[in-house]
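Only one structure is covered here, and it is reproduced in the block below.
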Amino acid sequence: MSANLHTNHSTSSGQGVHTHAVDAGAHGGSAHSAHAGHDAAAGSSTSVDHSAHANHGGHGGSTADHASHGGHGGSAHADHASHGASTAADHSAHGNHADHAAHAGHGDHSAHGGSEFPGGLLITQDGYTLELADTIIAPGEVDFRFQIVGPDGLAVTEYTPIHDKELHLIVVPRELTGFWHVHPERAADGTWSVRLNLPEAGGYRVFTDIAPSDLGKTITLGADLAVAGDYAPRPAPEPARTFQVDGYEVELAGELSTGAGSLLTLTVRKDGAPVTDLQPYLAAFGHLVIIRGGDLAYVHVHPNGEPGDGITAPGPDISFHTAVPGPGTYRLFLDFKHGDTVRTAAFTLRTGQVNH
């Protein structure tokens, strides 16, 4: 089987939007670079400088207990000094990170606010609703617009930034064969917009990580999006432990589990040599989005440790304490930055294990 992995990363500022895209053919973990919204034969990639998702302090390894975000008084920002050792689950075994217990638990977004549902399954949560301007769009580049509507029925215009961004947008095909991570811009009336390039027809899921100021915590809302045209679905790649992109090889060690979770370690090499100078991306050396096939339950995990903490090395290992909401087949998307470019490695894992 073969499948294409499309990834798109962008940052937005008052000066405009900068986009990096990869079109990676996932043939047994191999990949080939291209551009979303550009001729794939061009073969060049743009440099990106991404801001970050929230590190939600005190998010235990559990995907269920996120109601207070570590007692941050309503802020979506984490105080890394208070990251609970309970989320570290003994990190002394990975790469000279013996003191990661004090820095672990950067958090996942799987069940914010104590919801009984994993993240991303609801279009409305805690009175906040994701409203897409269009639920059916044409393939190719479009001006994608939406609002977050609050309990008062009005578009939300005040957010607590999550790692320097008010909103993070993730888009995936329902088959999980692609991945787009972009940062829209918000107009004064609360309408978000971004140029989005979804080249193939099919069903997609849109996720928004947000922390409305009046809510005092982070939630992930999800909505369905259809791209019109002839639909030729293909399955996600079979499980594999390595992924190659642009001369980089990323190797995955560890297993997914529910309950107390488990440790995943991703090791980055370039041309066979360990990469020891990873650059911070979203205020970390890597970010991991995990999505379950079938219902698209969403988990966003931040790594153990952070740049500049005096403990965490800039590669080659990036470790994550993860807990998924239940058995199933999951797609994992790791973003990492090196040589001023963000790249994405994608993996498939299956789990039926419950780790208490």
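The values are calculated or read from the model by the stated rules, or taken from the named source; none is laboratory data. As the structure is a prediction and not an experimental result, all values here were calculated from the model. Cβ: placed from backbone, ideal geometry, glycine included. Neighbour counts: every protein chain shown. What goes into the accessible areas is simple: the full protein's heavy atoms, side chains included, and nothing from ligands, DNA or RNA. Shrake-Rupley method; radii C 1.70, N 1.55, O 1.52, S 1.80 Å.
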Along its principal axes, what span do the Cα atoms of the range 152-215 show, with the longest given first and each in whole Å?
36, 22, 20
Three principal axis extents, largest first, for the C-alpha atoms of the range 263-306, in Å?
38, 24, 18
Compute log10 of I(q)/I(0) for the range 181-306 with the Debye formula, placing one identical point scatterer on every Cα and leaving out solvent, at q = 0.11, 0.19 Å⁻¹, to two decimals.
-0.58, -1.46
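Can you pull the percent of the range 231-317's accessible area that's carbon plus sulfur, 1.4 Å probe, other chains left in place?
Values: 1680 of 3120 Å².
Heavy-atom surface of the range 231-317 belonging to carbon and sulfur, 1.4 Å probe: 54 percent.
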Which residues does the label zone of I123 cover in the range 218-233, counting backbone N under 15 Å from a point 7 Å along Cα→Cβ?
221-227
Treat each spin label as a single point 7 Å out from the Cα along the C-beta direction, and report the Y231 to A138 distance in nm.
2.0
Which lysines, on any chain, are close to K217 with Cα under 23 Å apart, when same-chain ones fewer than 8 places away are left out?
K165
Whichever lysines have a C-alpha closer than 22 Å to that of K270, once near sequence neighbours (fewer than 8 apart) are set aside
K337
Report the Cα centroid-to-centroid distance between the range 318-354 and the range 145-173 in angstrom, as an integer.
24
Accessible area per residue, Å², the range 200-356 with all protein chains present, probe 1.4 Å:
32
